[in-house]
Amino acid sequence: MELTGGLPTFWELERKPRLLVVEDDNDIGNMLKMCFMPLGIDVTVTLLGREGLALFSTQLFDLVMLDVNLPDIDGFEVIKVIKTSSNQSVPVYFLTQRDERAYKLEGLGLGADDYITKPFDLEELKLRVQVGLKHRQNYLKVAEYNQVGETSSHVFISYSHKDSDYTHKLAEEIERHNIPVWIDDRIDYGTRWPHVIQEKIDTCKAFVLIMSDNARASDWVNNELTYAHGKGKKIFPLLLKGNVWLAVASLQYVNVKTRRLPEESFYKTLLDALT
């Protein structure tokens, strides 16, 4: 996460990325501040959950680091409020000593983007924060494209979460071509999940299918493909691993088995589908 003119090299917005740390351990809070501020990230630290919510509701942040055990309300209550707010797209990372599986599942189930246990490796944490800030930046860019009306819709990516690394790289590259994209890590893990998926397929102009053995075994991916077919969506298959699926055998696909991103012609075809 190197600096260019006071900003991280990956950060393309004119302002600095902003990190909110809600942590009751002063030493850890100060360490995080000393770690990330020299990297061009503004860091605000608070000890209390309620104060963190007050800051979140009145200031702009791009990522929240949140402890589970806080002096007033616990971190789970904090994330519930964040993920039902108008800024629910902001990534939230739990940073906590609570390493029990039940706590991890509850945190991730409430919409946390990551769950990191103490003690943690600082260099690994920097990389995780970089990933979260990239997703946040991409979200803001897509929101801006939609607001100014540069495109009338978006690309929906259907994939197995076991192929997340490649999918996120692909999503970033699509957005770099000024094409709005939607993947399912941008919604809360709540009861409306199926409804949001359906809505996003309904409103997409292009449906990208990442074919792999993992995806073939996923009921979610198969259901999304069936629904997109039924809605007459333009489907763009990418073959990441395994064989071409019978359901899309008649369509031209892009072979990405080497895990390389598609050529420029692929993005031009996506853009043509949206306009």
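DSSP beta bridges in the chain, what fraction antiparallel, as a percent rounded to 5? Antiparallel: roughly 5 percent of the beta bridges in the chain. Each of Thr258, Thr167 was scored by other Cβ atoms within 10 Å of its Cβ. Listed from fewest to most, they are Thr258, Thr167.
Sorted on the mean count of surrounding Cβ atoms within 10 Å across their residues, most packed first, peptides 246-254, 36-44, 207-215 read 207-215, 36-44, 246-254. For the pair region 43-121 / region 231-262, the C-alpha centres are spaced 37 Å from each other. Dipole orientation for the chain: of the candidates Asn255, His135, Asn87, Asn255 has the Cα lying most toward the positive pole (charges on Cβ; Lys, Arg +1; Asp, Glu -1). Simple point charges give the picture: +1 on the Cβ of Lys and Arg, -1 on the Cβ of Asp and Glu, and for the chain a dipole about the Cα centre of about 940 debye. Helix 26-36 sits at what angle to the longest principal axis of the chain, using alpha carbons and giving 0 to 90 degrees rounded to 10? The answer is roughly 50 degrees. Between Gln59 and Asp165, the distance separating the two model label sites (each 7 Å from Cα on the Cα→Cβ line) works out to 3.5 nm. Take the chain and mark each of the GluC sites (Glu not before Pro) that is in a DSSP loop with at most 14 other Cβ atoms within 10 Å; the longest unmarked stretch, sites excluded, is 151-262.
The charge dipole of region 3-135, taken about its Cα centre with unit charges on the Cβ atoms of Lys, Arg (+1), Asp and Glu (-1) only, comes to about 360 debye. Applying 1/(1 + (r/R0)^6) with R0 = 35 Å to the Cβ-Cβ distance of Glu124 and Asp202, what FRET efficiency is obtained, to the nearest 0.05? Computed FRET efficiency for Glu124 and Asp202: 0.35. Going from the residue with the fewest nearby Cβ atoms within 10 Å to the one with the most, Ile79, Ile28 rank Ile28, Ile79.
Can you pull a Stokes-Einstein diffusion coefficient for the chain at 10 °C (1.306 mPa s), Rh from Kirkwood over Cα pairs, as a whole number of µm²/s? D = 80 µm²/s.
Between amide H atoms placed 1.01 Å from N, distances below 5 Å from Leu95 occur with Leu66, Asp67, Val68, Ile116, all of them 5 or more places distant or on a separate chain. Using the empirical formula 2.2 N^0.38 Å as the baseline, the Cα radius of gyration of region 151-274 reaches a ratio of 0.97. Compactness of region 3-135, taken as the C-alpha radius of gyration over 2.2 N^0.38 Å, stands at 0.98.
For Ser86, Ser164, Ser153, the sequence from fewest to most other C-beta atoms within 10 Å is Ser86, Ser164, Ser153.
FYI, it's all coordinate maths here, none of it is from the lab. Since the structure is predicted, the reported quantities are computational estimates derived from the model, not experimental observations. Note that each Cβ is placed from the backbone with ideal geometry, even for glycine, and that neighbours are counted across all protein chains shown.
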